1. Look at A:A66 and say whether it is more than 14 Å from chain B (Cβ to nearest Cβ) and either open to solvent by less than 30 Å² (accessible area, probe 1.4 Å) or within 13 Å of ligand 1 (Cβ to nearest atom) (or both).
2. Which of the residues belonging to segment B:264-319 are among the charged types (D, E, K, R) and open to solvent by less than 40 Å² (accessible area, probe 1.4 Å)?
3. For segment A:261-275, enumerate the residues that are at the interface with another protein chain (Cβ under 8 Å from one of its Cβ atoms) and in a loop (DSSP other than H, G, I, E, B).
4. Run down A:L14, A:L35 and say which single residue is under 17 Å from the mean Cα position of the chain (by Cα), away from ligand 2 (no atom under 16 Å from the Cβ), open to solvent by less than 20 Å² (accessible area, probe 1.4 Å) and farther than 23 Å from A:F247 by Cα.
5. Which strands (runs of 3 or more DSSP E) sit wholly inside segment B:1-120 and have at least 3 residues that are under 21 Å from B:V301 (Cα atoms)?
6. Can you tell me which residue is modelled with the highest pLDDT among those in segment A:177-202 that are open to solvent by 30 Å² or more (accessible area, probe 1.4 Å) and within 16 Å of ligand 1 (Cβ to nearest atom)?
7. Inspect all residues belonging to segment A:59-72 and state whether any of them is away from ligand 4 (no atom under 16 Å from the Cβ), in contact with a Cys (Cβ under 7 Å, 6 or more places away or on another chain) and in a strand (DSSP E or B).
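The values are calculated or read from the model by the stated rules, or taken from the named source; none is laboratory data. Keep in mind that this is a model prediction, so the values were computed, not measured. In this analysis, Cβ positions are derived from the backbone assuming ideal geometry, glycine residues included, and neighbour counts consider all displayed protein chains. SASA here: full protein model, heavy atoms, side chains in, ligands and nucleic acids out. Shrake-Rupley method; radii C 1.70, N 1.55, O 1.52, S 1.80 Å.
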Amino acid sequence: MAEKNDIILEVKDLHVSFKSYAGYVRAVRGVNFTLHKGETIAIVGESGSGKSVSVKTIMGILSKNAVIDSGEVLYDGMDLTKVDEKVFHTLRGKRIGLIFQDPLSALNPIMKIGKQITEVLILEQKMNKEDAKKKAIELMRAVGIPQPEVRFDQYPFQFSGGMRQRIVIAIALASDPEILICDEPTTALDVTVQSRILELINKIKEERNLSVIFITHDLGVVANMADRVYVMYAGKVVEFGESEEIFFEPAHPYTWALLSSMPDLETKDEKLMAIPGTPPNMVYPPKGDAFAARNQYAMQIDFEEEPPFFKISDTHYAATWLLHPDAPETPMPEQLSQRIKRMKEEG
Amino acid sequence: MANEERKKILEVEHLAMHFSTGRGKKKSVVKAINDVSFHVYESETFGLVGESGCGKTTTGRALIRLYNPTSGSVKFDGRELTGPMTNDLRKYITSNMGMIFQDPIDSLNPRFTIREIISEGLKIRGIKDEKELDDRVYEMLDKVGLTKEHATRYPHEFSGGQRQRIGIARTIITRPRLVIADEPVSALDVSIQAQVINLLNELKEEMGLTIIFIAHDLSVVKYFSDRIGVMYYGKLVEVADSEELYKHPIHPYTRALLSAVPQPNPLTERKRVRLVYEPEKAHDYSKEQPQMTEVFPGHFVYASPSEVEAYRKEFADRL
Ligand SMILES: Nc1ncnc2c1ncn2[C@@H]1O[C@H](COP(=O)(O)OP(=O)(O)OP(=O)(O)O)[C@@H](O)[C@H]1O
Ligand SMILES: Nc1ncnc2c1ncn2[C@@H]1O[C@H](COP(=O)(O)OP(=O)(O)OP(=O)(O)O)[C@@H](O)[C@H]1O
Ligand SMILES: [Mg+2]
Ligand SMILES: [Mg+2]
């Protein structure tokens, strides 16, 4: 496990809001996380819970109506919430690589695919043109582009969505970054292509001691990639821990619901545990534990006071009143504990 | 129930759907589906999986004649659905079959109220009595977990999950016997997906619906379906009971697909061995042609005679 002193990135008590006509949207409400050298953390959570906003803050690419209310993003002796665009220029796409949900916006539509990759290699890796072309074709092959020599001279519009996404991944890897941030990079891809790309990212992580932040709602992908997992709900981290701790000893009711809401290949006749209701309106975030209204285990105090983090192990914490010493003993749903038992047996 | 005793409600044979695009010299033909054969039993859920672009939606649309198939045969309850379209055939299809569309946002007309959207199918069928229409709409809203009050609102006022429920209500209000659900949950957040899957399951029980469930998420298809068909590049390559398919995949593409599905279990994920499917290397069809063959009872594979023999040998202990 990573040591304390090899922290490469640290987000401290981050609060981010958006000015919108509906009001002041409190998108991120006190998020903390740390990223160690050579580790992959996954951020999971419901749509709208603030995952993308958190990583956009790190990269300095929030939209104009965003306000960083408070907090710090510490990287290489700097607080990235305070540095100006010039500094971000030396980081973004270079020392910190980015792969986003929407591959269309990430590529230049009027530049040949090959050139978009070699440009990075020539600028960042100081390669000559010939080597850069060789390397680019190698990268294209590695992300599963068939006939890369032919594809090298084509334009983005000649590529399918999934192929464009693979090019974005090739470009991000070309600059040999220290940190790679992936926001749902494989959502649009087929499973066979997806698993190939995940393998590639894992391989590069091993080879170059890359640190990865991986956002996804696919728990299978999390299990495949993550050393540690952060679970977000309504702008906050509600639980974090090592991958095994989150999958096998989840403690927050939202994590329980998330883990039980989707079938795995073993799920048979049981009814799926759907999460009732809809996510909260973030213009008026609820008092107390934001998940309370949808939580069948909610207690009175959940509606009144926000739970602090309770320690479960040195690496595992959850913010739920259920862990308070005075709370009634509440085991996780039977269906989930059965599933966990089965998963451990398989493993 | 043994498969032989069950009624085949839908029989599809050698279905092909080719699109021509471009003109003159640039004209080319896209063989979206080519040689698809399967059948669906009454009251079962038949899952159709495969990668993006393999022809799942095209198959669904060709079955209910939203497309005019290039060749092949589709029989519903014994009646042929291909061939010239007549008023009578159109009526037969719309009263027996319905489709839930992939995108819950695009498929609802934004200028219609929920009542208008849901009751449309009944009006087409000539029901004019406002009271009856209201009653049927309210009953449907209740069934899909919405309320009477929602009837006068417009689609944009609903969340993705609610819109998908509206799409389901619109399709099932006419009580079709077969529903084709094209990726009904793919566009929804994980927490909402389970709500919609549970709803479809309840409706299936309650109404005895036969469902063709199209999706690319194998875990969801496996959970929801009695039998599964796997598509690859316009062809159906394997059909079997869902447990059987998952435990004993035969076609090399199915094996590759299953090996790539990430499972929410860190212990098994770290040991995952992914299989790669390369059609040119996996098959030699220069001398023998492949066709859909029942390799084991109820387990169909698209294969050549010598492949079939090899598969049977490989699983000999099962006979
Ligand atoms: N430019 C913006 N203006 C106003 N509100 C915004 C803006 N961008 C994001 N938000 C709001 O901030 C909240 C968090 O959004 P974010 O994109 O971080 O969610 P997410 O966790 O990444 O969700 P998903 O899984 O759907 O990508 C949401 O309530 C969203 O509506
Ligand atoms: N109207 C059309 N004209 C021309 N080509 C078409 C048409 N409809 C579909 N195709 C082509 O047929 C093939 C199959 O498409 P289809 O939409 O059936 O795939 P799918 O399996 O449903 O994919 P997805 O999972 O992405 O929805 C694709 O190559 C597609 O580009
Ligand atoms: Mg996001
Ligand atoms: Mg489709």
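1. On the way: more than 14 Å from chain B (Cβ to nearest Cβ): yes; either open to solvent by less than 30 Å² (accessible area, probe 1.4 Å) or within 13 Å of ligand 1 (Cβ to nearest atom) (or both): yes.
Judged against the criteria, A:A66 is a match.
2. Step one: filter segment B:264-319 for residues among the charged types (D, E, K, R), giving B:269-272, B:274, B:278, B:280-281, B:284, B:287-288, B:294, B:307, B:309, B:312-314, B:317-318.
Those that are among the charged types (D, E, K, R) and open to solvent by less than 40 Å² (accessible area, probe 1.4 Å): B:E269, B:E307.
3. Applying the first criterion (at the interface with another protein chain (Cβ under 8 Å from one of its Cβ atoms)) to segment A:261-275 yields A:261-265, A:267-268, A:271-275.
Within segment A:261-275, A:M262, A:P263, A:D264, A:L265, A:T267, A:K268, A:K271, A:L272, A:M273, A:A274, A:I275 meet the criteria.
4. Details: A:L35 fails: farther than 23 Å from A:F247 by Cα.
Being under 17 Å from the mean Cα position of the chain (by Cα), away from ligand 2 (no atom under 16 Å from the Cβ), open to solvent by less than 20 Å² (accessible area, probe 1.4 Å) and farther than 23 Å from A:F247 by Cα holds for just one of A:L14, A:L35, which is A:L14.
5. On the way: elements: B:8-21, B:28-41, B:45-49, B:71-76, B:97-100.
Output list reads B:8-21, B:28-41, B:45-49, B:71-76.
6. A:T187
7. Step one: of segment A:59-72, the residues away from ligand 4 (no atom under 16 Å from the Cβ) are A:59-72.
Next cut, in contact with a Cys (Cβ under 7 Å, 6 or more places away or on another chain) only: none.
No, segment A:59-72 contains no residue that is away from ligand 4 (no atom under 16 Å from the Cβ), in contact with a Cys (Cβ under 7 Å, 6 or more places away or on another chain) and in a strand (DSSP E or B).
Per-residue answers, yes or no, for (1) aliphatic (A, V, I, L, M); (2) within 16 Å of ligand 1 (Cβ to nearest atom); (3) within 10 Å of chain A (Cβ to nearest Cβ):
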position: B:I197; (1), (2), (3): yes, no, yes
position: B:V221; (1), (2), (3): yes, no, yes
position: B:K235; (1), (2), (3): no, no, no
position: B:L257; (1), (2), (3): yes, no, yes
position: B:N265; (1), (2), (3): no, no, yes
position: B:L275; (1), (2), (3): yes, no, yes
position: B:V295; (1), (2), (3): yes, no, no
position: B:G298; (1), (2), (3): no, no, no
